[in-house]
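Chemist: Let me begin by handing over the structure; questions about it come next.
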Amino acid sequence: MATLVASQTRETSSKNPWPAVVSLAFAASIAALQNTAVVPLLPVLQRELNASLAAVSWTLTISLLVSAVATPLLSRFGDMYGRRPMILGALALLVAGSVMAALATSLTWLIVARVLQGFVAALVPLSIGVVRDVLPRQQLATGIGVLSATMGFGSGGGMILAGVTSGDYHVLFWVTGAIAVVAGVLVAFLVRDTAPAGKGRPDLLGAFLLTVWLVALLLGISEGGSWGWTSPGVIGLFAVALVVALAWVAVERRVAEPLVEMAMLVQRGTVGATVASMLLGFAFFTCMTGISGFTQAPGFGFGASTLQVGVYLLPSTVLMLVISLFSGRFMRRFAASSLVATGSAVVGASALWLVVAHETSGDVYVATSLLGVGLGVGYAALGTMAVEHVEPGKTALAAGVNALVRIVGGSTAGAVIAAVLAALPGVRGYQWVFAVAAVAGLVAALFAAVFGLLNRRAVTAPSAR
């Protein structure tokens, strides 16, 4: 009966659901844009705010960390109160955070502003939930592919936006706020909730514990190089992270409606997508941040401006956009796991290229082209791979968990880069940064391929009897 009502609602809600899908894709791309736009600004913020690289890297890390908590929390609120209000609320917080960041003159206020901006990451699973309700089943893979691929496009667009605004973070955040306002207007007019609001209770304790252990872990990693890996401060942070993480797991296993369903992280149908998503998110942000820092570095780097960094990354943006236009065709012809594996391997290859070839601008363009292809293919299929082997009623939950682990992976990138460069400054340090990204991409490809094959065998085994 519920299925019949949902079907009738879907048919009568809109004759053409694609304007709503496109507006949601545009909004989701801003979630990625507001993070990557900060990446080329890290050296600028270092100079203007008179802070260390480890300190200013928290303008990126804190937003990703908030995203990791806000994604499952707002997804739960979306199930309880409707997805459209949560989408509009997240965009409103992005606007408020952008205004605060544009007016900020200290690192402290800039980090506070970035906390508000981080909530916008919840748009991804919320939008996937809406798309699942409004699109016919045969168009669902295309819709999710468009949403996933435009996140990659938004990521590249953020780097270019930083260059166009000439590294002026005040201007950049004013522009980000204006774009968020446009997205909010489009969503308000074009998107409607078709699924009825449900009941539930948000897991606030789980959200608090998740925040504490992630902050402790990332702070320990980012400061390990400067404080000393065996210093009492770093060891203490890692101990806090371990103890609180264990407490978080215990809470999530016992609470009636957990922030993250532990079984979903290790379920056979989703574990491959979970690991691949986390590692691909880490490889992506490590590559982007590494390329930005290396090309801007004087002496062993190219001494590039923020605009030149945007030009270096232009192939990534263009290729991600082009591939997103064909994502539906790819997923009709190839398994999602195969596409994720291929995309992850290409991302790994782009980082590996920079390990061995980084002397000329041509080397950077080769790497960013490979990065764009890999992300375009891999990101477009991640959403589908995360949900294709779960029960229909758990689609939104699986999508939220997948988005969460991808964000957690990305949030560790800044801390790892700061730690590596503190231990190995100069070109050798960047070679190690790209090597770590390459390993992450290749391991992500391995997990996607192996678990994709295992799941296909599990599906076809009963029919072979």
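The values are calculated or read from the model by the stated rules, or taken from the named source; none is laboratory data. Here the structure is a predicted model, which means the values were calculated and not measured. For neighbour counting, all protein chains shown are included, and Cβ atoms are generated from backbone atoms with ideal geometry for every residue, glycine included.
Chemist: Do the conditions hold for S277, that is, is it in the same structural domain as G343 (by TED's automatic domain parsing) and either in contact (Cβ under 8 Å) with a residue 24 or more places away in the chain or in contact with a strand residue (DSSP E or B) (Cβ under 6 Å, 6 or more places away or on another chain) (or both)?
Modeler: Working: in the same structural domain as G343 (by TED's automatic domain parsing): yes; either in contact (Cβ under 8 Å) with a residue 24 or more places away in the chain or in contact with a strand residue (DSSP E or B) (Cβ under 6 Å, 6 or more places away or on another chain) (or both): yes.
When the stated conditions are applied, S277 passes them.
Chemist: Any idea how many residues of the stretch 47-85 are among the β-branched types (V, I, T), at pLDDT 85 or above and under 12 Å from the mean Cα position of the chain (by Cα)?
Modeler: The number of residues fulfilling the criteria is 1.
Chemist: Suppose we filter G400, G429, G393 for residues that are at pLDDT 85 or above and not hydrophobic (A, V, I, L, M, F, W, C); which single one remains? Quick ask: steps written out before the conclusion?
Modeler: Values: G400 fails: at pLDDT 85 or above; G393 fails: at pLDDT 85 or above.
None of the others qualify; the one that does is G429.
Chemist: Now for a separate question. Would you call E252 assigned to a helix (DSSP H, G or I) and either farther than 19 Å from V39 by Cβ or aliphatic (A, V, I, L, M) (or both)? Lay out the reasoning, then the answer.
Modeler: Working: assigned to a helix (DSSP H, G or I): yes; either farther than 19 Å from V39 by Cβ or aliphatic (A, V, I, L, M) (or both): yes.
The answer is yes for E252.
Chemist: Please go through (1) crowded, with 16+ Cβ neighbours inside 10 Å; (2) closer than 28 Å to V340 by Cα; (3) of a type outside the set (D, E) for A297 and return the number of the only condition it doesn't satisfy.
Modeler: It fails just one condition, (2).
Chemist: Given the criteria assigned by TED's automatic domain parsing to the domain that holds F285, modelled with pLDDT under 90 and surrounded by 20 or more Cβ atoms within 10 Å (Cβ to Cβ), does L116 qualify?
Modeler: Numbers: assigned by TED's automatic domain parsing to the domain that holds F285: yes; modelled with pLDDT under 90: no; surrounded by 20 or more Cβ atoms within 10 Å (Cβ to Cβ): yes.
No; evaluated as a whole, the condition is false for this residue.
Chemist: Can you spot a residue in the stretch 33-46 that is modelled with pLDDT of 85 or more and not in a helix (DSSP H, G or I)?
Modeler: Yes, because at least one residue in the stretch 33-46 is modelled with pLDDT of 85 or more and not in a helix (DSSP H, G or I).
Chemist: Output the residue which, of all residues in the stretch 199-228 that are outside any helix (DSSP H, G or I) and farther than 30 Å from P425 by Cα, is modelled with the highest pLDDT. Before the answer, list the steps.
Modeler: Taking the stretch 199-228 as the starting set, the residues that turn out to be outside any helix (DSSP H, G or I) are 199-203, 228.
Filter once more, so that each one left must be farther than 30 Å from P425 by Cα: 199-203.
Working: K199: 68, G200: 68, R201: 76, P202: 79, D203: 82.
Per the stated criteria, the residue is D203.
Chemist: Of all residues being hydroxyl-bearing (S, T, Y) and crowded, with 22+ Cβ neighbours inside 10 Å in the stretch 43-80, which is farthest from G290 (Cα to Cα)? Just the residue, please. Walk me through it before giving the result.
Modeler: Restricting attention to the stretch 43-80, the residues satisfying the condition of being hydroxyl-bearing (S, T, Y) are 52, 57, 59, 61, 63, 67, 71, 75.
When the remaining residues are screened for being crowded, with 22+ Cβ neighbours inside 10 Å, the result is 57, 59, 61, 63, 67, 71, 75.
Details: S57: 12, T59: 16, T61: 15, S63: 18, S67: 21, T71: 26, S75: 31 Å.
Filtering first and then ranking leaves S75.
Chemist: Which residues, taken from the stretch 321-380, are part of a helix (DSSP H, G or I), small (G, A, S) and surrounded by fewer than 24 Cβ atoms within 10 Å (Cβ to Cβ)?
Modeler: Let us first name the residues in the stretch 321-380 that are part of a helix (DSSP H, G or I), namely 321-325, 327-333, 336-356, 361-380.
Still in the running and small (G, A, S): 324, 327-328, 336-338, 341, 343-345, 348-351, 361-362, 367, 369, 372, 374, 376, 378, 380.
Once the filter is applied, which keeps residues that are part of a helix (DSSP H, G or I), small (G, A, S) and surrounded by fewer than 24 Cβ atoms within 10 Å (Cβ to Cβ), the stretch 321-380 yields G328, S338, A345, A349, S361, G362, S369.
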